[in-house]
1. Which of the following residues is open to solvent by 60 Å² or more (accessible area, probe 1.4 Å) and modelled with pLDDT under 90: Val2, Val38?
2. Inspect segment 48-60 for any residue being among the β-branched types (Val, Ile, Thr) and modelled with pLDDT of 85 or more and give the result as yes or no.
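The values are calculated or read from the model by the stated rules, or taken from the named source; none is laboratory data. Keep in mind that what you see is a predicted model, and the values were worked out from it rather than measured. Please note that ligands, DNA and RNA were not included when accessible areas were found on the heavy atoms of the full protein model with its side chains. Shrake-Rupley method; radii C 1.70, N 1.55, O 1.52, S 1.80 Å.
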Amino acid sequence: EVSFEEVAIYFSPDEWAELLPWQRALYREVMADNYDLVASLGEGPGAPGRVAWGQGWGRGDGGV
């Protein structure tokens, strides 16, 4: 069993501020793909969805 937290990469607010726009976009794309892959391994009503994880993308406040 694999959880999203085991494959996720998180940035601090300071680290996020240092990323260039293309790096932020790549991060969002890769993390969304990873989330979808991990979510596809689960079944049932408790399986997470992309929308729940994706809220707050691009805020630049370290919430990613």
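1. Values: Val38 fails: open to solvent by 60 Å² or more (accessible area, probe 1.4 Å).
Just a single option satisfies the conditions, and that option is Val2.
2. Looking only at segment 48-60, we keep the residues that are among the β-branched types (Val, Ile, Thr), and these are 51.
Keeping just the survivors that are modelled with pLDDT of 85 or more gives none.
No; the residues of segment 48-60 include none that is among the β-branched types (Val, Ile, Thr) and modelled with pLDDT of 85 or more.
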